[in-house]
Amino acid sequence: MQTTLSQSPVDSLPVRSSDASFLRLEAITKQYGSNSPTVDRLDLNLGKGQLLGLLGPSGCGKTTTLRMIAGLLPISAGRILIGDNDISHLPPHKRDIGLVFQNYALFPHMNVGENVAFGLTMRGIGKRESLRRAEEALETVRLPGLGKRRPKELSGGQQQRVALARALVIKPRLLLLDEPLSNLDAQLRDQMRIEIRDIQQLLGITTVFVTHDQTEALTMCDQVGVMYGGRLAQLGAPEEIYERPASMFVAQFVGRTNVLTGEQVSHQQVRIGGARYRCSGARPHWRGLKIAIRPHRISLTPNRDPSLLSTATNCVQGLVAAITYIGDVLQYEVDIGCARIRVETPTGSSRLRYKVGDLVMCEWLPQDMLAFEG
Ligand SMILES: Nc1ncnc2c1ncn2[C@@H]1O[C@H](COP(=O)(O)OP(=O)(O)OP(=O)(O)O)[C@@H](O)[C@H]1O
Ligand SMILES: [Mg+2]
């Protein structure tokens, strides 16, 4: 198995837009000095009230994109629109955007209420009215009555909720969140994911949520944008990104996958290591063929004569080489001759278990083989 990319994962990929666009990025570009662009002609349309997850490896340009939308970083080229307004060159405080960063960035010398009210007092709203609205925002994030505390007297999760209340209090048209949960422990993260999603839906606020956690992107968001090298490798609903990745890069970045090298035999058939499999999607003009199969889409059955198996599935004999117990799943490494594939099966007392050295049949449906050029 190999995981190399032989071509740019963003060449000629479909980037879909939502119907009613509210936030529009038109070929926005950020170039530092004479380096190649950090964000490169990025197009994106997001519908009103939608939650977009921006996902991608470290350094791919997620924060840069967010900072350009917020106006904290000037764009080198392109346009940013909210509704019909071109906000590309407006200063940050005129963009009507709420921002939450990974490190809560609360003012330590102010109490929680003053922290949340800050954006309002800056906009010339009186102190009493600002504090009243701050208390309302604290109720929205389920922290009523904590306005008098100092930030350091709150837990990490509570501080992040204060940061969220501070962003929401100005009633922004757009909310931008840059890895807001990455400093929280796993359990709190799960809880905050649900809370942020609930608040976002309650307020109907259009939101861009940067993360490099794929679970976060898939579970919370209406749309997921996968970035690579300053460009969008794919934009789509979570299920679309997972089930129909536009490139091998997206298939590997979102979810686990086996990668096999093959060649096309016919429109409906590929060959991998001498054996033929039913698989559509490969194109004759491709320079090479790589196949992705998700480990949990392969099932293991006891070894038997392949001719006795249904022709509706693909099947290969393998030898169990290693087993890892990961609580909810068992991960098998199965040697199929030309490669070692990973197979994941849910654990459960009624399930058949195999041992290292067992001969098994690996079976999967043709539609679970995703073909890519490479
Ligand atoms: N002021 C700067 N001058 C030059 N290069 C910069 C500057 N700021 C950021 N970069 C580069 O731009 C690239 C994208 O950075 P960015 O912070 O947008 O990545 P990211 O996707 O948010 O990554 P992470 O997941 O690690 O937060 C990186 O290679 C970074 O080194
Ligand atoms: Mg970042």
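The values are calculated or read from the model by the stated rules, or taken from the named source; none is laboratory data. Predicted model only: the values in this text are computed from it and were never measured. Virtual Cβ from ideal backbone geometry, glycine too; neighbours counted across all protein chains shown. Side chains included, ligands, DNA and RNA excluded: accessible areas come from the protein's heavy atoms. Shrake-Rupley method; radii C 1.70, N 1.55, O 1.52, S 1.80 Å.
Numerical summary
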read-out	value
Qualifying positions in the range 342-354 - surrounded by 16 or more Cβ atoms within 10 Å (Cβ to Cβ) and either more than 30 Å from residue 276 (Cβ to Cβ) or more than 25 Å from the chain's Cα centre (by Cα) (or both)	354
So residue 76, is it within 13 Å of ligand 1 (Cβ to nearest atom) and either of a type outside the set (Ser, Thr, Tyr) or within 26 Å of residue 245 (Cβ to Cβ) (or both)	no
Conditions (1) closer than 25 Å to residue 233 by Cβ; (2) modelled with pLDDT under 95; (3) part of a helix (DSSP H, G or I); (4) not acidic (Asp, Glu); number of the one not met by residue 64	(2)
Residues being surrounded by fewer than 21 Cβ atoms within 10 Å (Cβ to Cβ) and in contact (Cβ under 8 Å) with a residue 40 or more places away in the chain - total across the range 219-235	2
Enumeration of residues in the range 306-330 that are closer than 19 Å to residue 365 by Cα and open to solvent by less than 30 Å² (accessible area, probe 1.4 Å)	309, 314, 316, 318
Looking only at the range 167-194, and only at residues there that are modelled with pLDDT of 90 or more, open to solvent by less than 50 Å² (accessible area, probe 1.4 Å) and assigned to a helix (DSSP H, G or I), the one that is farthest from ligand 1 (Cβ to nearest atom)	168
Residue within the range 287-300 that is under 16 Å from residue 367 (Cβ atoms), open to solvent by 10 Å² or more (accessible area, probe 1.4 Å) and in a helix (DSSP H, G or I) present	yes
Members of the range 203-218 that are surrounded by fewer than 18 Cβ atoms within 10 Å (Cβ to Cβ) and more than 19 Å from residue 96 (Cα to Cα)	212, 213, 215
Residue 106, sole failed condition from (1) in a loop (DSSP other than H, G, I, E, B); (2) farther than 24 Å from residue 182 by Cβ; (3) not assigned by TED's automatic domain parsing to the domain that holds residue 213	(2)
The lone exception for residue 261 - which of (1) open to solvent by less than 50 Å² (accessible area, probe 1.4 Å); (2) at pLDDT 95 or above it fails	(1)
Which listed residue, of 81, 90, 72, 99, is more than 30 Å from residue 154 (Cα to Cα) and open to solvent by 10 Å² or more (accessible area, probe 1.4 Å)	90
Residue selected from the range 135-157 under the condition open to solvent by 50 Å² or more (accessible area, probe 1.4 Å) and not acidic (Asp, Glu), by the criterion farthest from residue 109 (Cα to Cα)	142
Residue within the range 25-38 that is within 16 Å of ligand 2 (Cβ to nearest atom), farther than 25 Å from residue 238 by Cβ, under 24 Å from the mean Cα position of the chain (by Cα) and charged (D, E, K, R) present	yes
Given (1) closer than 26 Å to residue 246 by Cα; (2) at pLDDT below 95; (3) away from ligand 1 (no atom under 16 Å from the Cβ), number of the condition residue 49 does not satisfy	(2)
The range 106-134 residues that are within 19 Å of residue 155 (Cβ to Cβ), paired with ones that are among the acidic types (Asp, Glu) and part of a helix (DSSP H, G or I) (beta carbon under 9 Å, 6 or more apart)	107/114; 112/153; 113/135; 116/135
Residues within the range 236-258 that are small (Gly, Ala, Ser), free of Cβ contacts under 8 Å to residues at least 60 places away in the same chain and open to solvent by less than 20 Å² (accessible area, probe 1.4 Å), tallied	1
Long-range neighbours under 6 Å by Cβ, at least six apart or interchain, first residue modelled with pLDDT under 95 and of a type in the set (A, V, I, L, M) within the range 205-217, second within 16 Å of ligand 1 (Cβ to nearest atom) and open to solvent by less than 10 Å² (accessible area, probe 1.4 Å)	217/53; 217/55; 217/211; 217/224
Candidates 87, 75, 82, filtered to the one that is without any contact (Cβ under 8 Å) to a residue 40 or more places away in the chain and either within 13 Å of ligand 2 (Cβ to nearest atom) or in the same structural domain as residue 228 (by TED's automatic domain parsing) (or both)	87
Test for residue 256: is it more than 16 Å from ligand 1 (Cβ to nearest atom) and under 30 Å from residue 118 (Cα atoms)	no
